[in-house]
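> First the structure, then my questions, so here it is.
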Amino acid sequence: MKSQTRLNSYASILVLLAGFLVGAGGGTADPCLTPDFHELPVVTHWSNSTQAFKYLASDQISSAYLRPAYVPGASYQNGRAYYYYNAKLLPNFEKYIGANFSTVQVPKAEAIKFCQHVFQRTGISLKLLRPDAFDRPEAGLGRLRSLLGTVQVLHGKVIDGSLATIILPPHWDAKAPAGSYPIVFSGLYDLNENVFKAFGEGRSLAEITALSGTKGNRGAIAVLWNGGDALAGYSVNPSAYRQFASVIDYVASNFSGDRQRILMTGTSRGALISFVMASNPYRGTNAIYDYTVKFVAATAVPAKIGDNFGTMPSATYPWLWKAAFVITGLADTLQPGWTYPAGGHPNLQGFTPAQASLFITTGQSDPDVVNTNLSPISAHFIQGLRESGTQVFLELTAFDIAVPFANQIEYVTKLHEAGIPVQAEVLLRAGHVISRELGLTDNVEGLKNARRQALLKAVLSYVSPTGPVAPKVTPGFSFYRVSRSSTPPSLEPFVPADKLFPFTFEAPRLAKRGESFPLVAVGE
């Protein structure tokens with residue numbers, strides 16, 4: 001029963017709110033089940049005929065285009081350029097893959113299923129709109145409308161060279177005063193994946209948007225973003241900050257979003273985007289960076305980017321090995337003694353895998369410089385959170401194969417020391433994608449419900465009909481652990497009997513003779 005506590009508490013909120021919806025449940029027909037209700041197909045902005053970006057195109061990029069082209073074998077020759085992408089794409093600093101197109105096509109049936117899922121959980125219909133539904137704001141609303149009781153999803157909007165999807169609450173009013181709607185934001189990799197796939201944030205943010213606009217509330221606007229690139233970058237390059245600010249400015253200027261009441265959420269790279277953008281390191285340097293993130297709900301944040309790409313890739317954190325393939329575009333980065341070959345970009349020649357990965361993502365090749373100046377844990381980033389009055393709900397994942405638990409703990413410690421309110425839930429024996437371990441296939445179930453419950457509660461506090469109340473967390477630590485005595489495993493809360501911080505140990509699941517790797521212990 002303990003493993004269901006957090007799931008049930010979140011579900012009770014949804015049921016309570018849905019009970020106030022006119023027509024919720026009761027077998028009410030959902031118009032979104034009719035394909036003609038929507039503007040389909042879902043765009044990718046990719047054309048196979050030109051093998052390039054094409055506005056409003058909806059082709060599936062060929063798997064042969066992005067599929068790994070070569071896996072080093074016996075004929076390997078050091079110094080040659082062995083391409084990871086079949087199209088021989090080689091990313092460089094500020095030059096990434098999938099910045100203005102999606103790599104994943106969404107079939108019509110899958111798009112309808114996305115809408116159906118949200119209707120079943122909220123009783124509110126969704127209407128999918130193509131991005132040209134609002135191409136000329138000076139000429140009026142276009143095909144957008146102030147639709148009573150319907151959530152409008154403006155999908156695949158190209159903004160400052162990046163892609164965003166804007167979800168409007170069910171009673172969105174085109175004539176609402178500026179700053180009427182808080183903005184809930186999620187950034188990840190590919191936009192279509194983030195919006196429509198079960199492991200993305202689209203379903204939950206659509207639900208939150210729908211529920212935020214009930215019982216007389218104005219509601220909140222949700223935004224999903226591709227981080228300025230689908231592959232090779234991690235949204236810590238300077239242009240990503242500008243693109244994020246441009247998206248916020250677009251939503252504020254055209255849909256009455258409130259640039260000073262932003263809430264962010266995500267896991268892994270989504271958590272990284274949440275914290276670096278919330279820190280707003282370019283605050284004050286340009287009017288476009290005038291925004292404030294007041295709440296972050298995140299899981300498994302890569303707090304020290306220099307460690308993640310520079311010093312920690314190993315058998316202990318094997319997912320970080322693959323990051324080097326994807327970031328550099330070269331398939332042989334794991335070969336002993338590998339350096340960036342002459343056949344690639346001249347400015348990267350001779351770099352180690354860590355140096356090349358760091359430079360392509362940040363413009364710096366020294367892990368210590370990246371940790372100190374360009375990471376969430378950087379002092380001026382933390383100061384930015386403090387100046388913004390940001391509240392933080394953070395899930396920390398122990399035995400994580402991509403984000404060192406020690407770095408997550410260090411980050412929370414520094415946030416506490418800086419006086420930033422942090423509610424930290426420590427998930428022991430958890431792993432990076434714990435929902436899979438728990439046998440869950442949808443991100444609105446199970447483990448991630450604690451984060452979503454915190455986000456939903458924060459959004460509802462801002463849209464309360466009695467007046468907006470800034471969201472607040474309960475600072476401190478609580479502990480959960482994965483129990484594998486059941487099938488599938490369960491997540492259960494516990495209180496350490498000795499009142500000490502639980503001891504954890506991260507080591508390889510598998511390693512070969514002669515290989516070096518870190519052994520990382522945390523706890524008392």
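> Have a look at 153, 195, 158 and point out the one that is β-branched (Val, Ile, Thr), open to solvent by 10 Å² or more (accessible area, probe 1.4 Å) and outside any loop (DSSP other than H, G, I, E, B).
Details: 153 fails: open to solvent by 10 Å² or more (accessible area, probe 1.4 Å); 195 fails: open to solvent by 10 Å² or more (accessible area, probe 1.4 Å).
The conditions single out 158.
> Which residue is modelled with the highest pLDDT, if the candidates are limited to segment 481-505 and must be farther than 18 Å from residue 405 by Cα and among the β-branched types (Val, Ile, Thr)?
Within segment 481-505, the match that is modelled with the highest pLDDT is 495.
> Please specify each residue of segment 85-133 satisfying the condition of being more than 15 Å from residue 198 (Cβ to Cβ) and basic (Lys, Arg).
Once the filter is applied, which keeps residues that are more than 15 Å from residue 198 (Cβ to Cβ) and basic (Lys, Arg), segment 85-133 yields 88, 95, 108, 127, 130.
> Continuing with the same structure: What number goes with the only condition from (1) hydroxyl-bearing (Ser, Thr, Tyr); (2) closer than 27 Å to residue 475 by Cβ; (3) in contact (Cβ under 8 Å) with a residue 60 or more places away in the chain that residue 291 does not pass?
(3) is the only condition that residue 291 fails.
> So residue 36 fits all but one of (1) without any contact (Cβ under 8 Å) to a residue 24 or more places away in the chain; (2) touching a Leu at 6+ places or on another chain (Cβ under 6 Å); what number is the exception?
In the conditions (1) without any contact (Cβ under 8 Å) to a residue 24 or more places away in the chain; (2) touching a Leu at 6+ places or on another chain (Cβ under 6 Å), residue 36 misses (2) alone.
> Residues in segment 122-139: is at least one outside any strand (DSSP E or B), modelled with pLDDT under 90 and touching a Lys or Arg at 6+ places or on another chain (Cβ under 7 Å)?
The answer is no; no qualifying residue exists.
> Tally time: how many residues in segment 41-64 are crowded, with 17+ Cβ neighbours inside 10 Å and in contact with a strand residue (DSSP E or B) (Cβ under 7 Å, 6 or more places away or on another chain)?
Going through segment 41-64, the residues crowded, with 17+ Cβ neighbours inside 10 Å turn out to be 41-47, 54, 57-59, 61.
So of that shortlist, the ones also in contact with a strand residue (DSSP E or B) (Cβ under 7 Å, 6 or more places away or on another chain) come out as 42-43, 45-46, 54, 57, 59, 61.
Number satisfying all stated conditions: 8.
> Which members of segment 67-85 meet the condition of being under 19 Å from residue 342 (Cβ atoms) and charged (D, E, K, R)?
Answer for segment 67-85, where residues must be under 19 Å from residue 342 (Cβ atoms) and charged (D, E, K, R): just 80.
> Return a yes/no flag: does segment 182-191 have any residue that is modelled with pLDDT under 90 and either surrounded by fewer than 24 Cβ atoms within 10 Å (Cβ to Cβ) or in contact with a Ser or Thr (Cβ under 9 Å, 6 or more places away or on another chain) (or both).
To start, the set of residues in segment 182-191 that are modelled with pLDDT under 90 comprises none.
No: segment 182-191 contains no residue that is modelled with pLDDT under 90 and either surrounded by fewer than 24 Cβ atoms within 10 Å (Cβ to Cβ) or in contact with a Ser or Thr (Cβ under 9 Å, 6 or more places away or on another chain) (or both).
> Name the single residue that is modelled with the lowest pLDDT among those in segment 427-473 being small (Gly, Ala, Ser) and in a loop (DSSP other than H, G, I, E, B).
First, the residues of segment 427-473 that are small (Gly, Ala, Ser): 430-431, 435, 439, 446, 450, 454, 458, 461, 464, 467, 470.
Imposing the further condition that a residue be in a loop (DSSP other than H, G, I, E, B) reduces the set to 430-431, 439, 464, 467, 470.
Values: 430: 82, 431: 81, 439: 61, 464: 82, 467: 73, 470: 87.
This residue is 439.
> Please verify whether segment 206-221 includes one or more residues that are within 30 Å of residue 358 (Cα to Cα) and charged (D, E, K, R). Give the derivation first.
Step one: list which residues in segment 206-221 are within 30 Å of residue 358 (Cα to Cα), which gives none.
Looking through segment 206-221, none of the residues is within 30 Å of residue 358 (Cα to Cα) and charged (D, E, K, R).
> I'd like to verify a number: residues in segment 371-401 that are open to solvent by 10 Å² or more (accessible area, probe 1.4 Å) and in a loop (DSSP other than H, G, I, E, B), how many?
Adding up the residues that qualify gives 5.
The values are calculated or read from the model by the stated rules, or taken from the named source; none is laboratory data. Computed from a predicted model, the values in this text were never measured in an experiment. In this analysis, Cβ positions are derived from the backbone assuming ideal geometry, glycine residues included, and neighbour counts consider all displayed protein chains. Heavy atoms of the whole protein, side chains included, go into the accessibility calculation; ligands, DNA and RNA do not. Shrake-Rupley method; radii C 1.70, N 1.55, O 1.52, S 1.80 Å.
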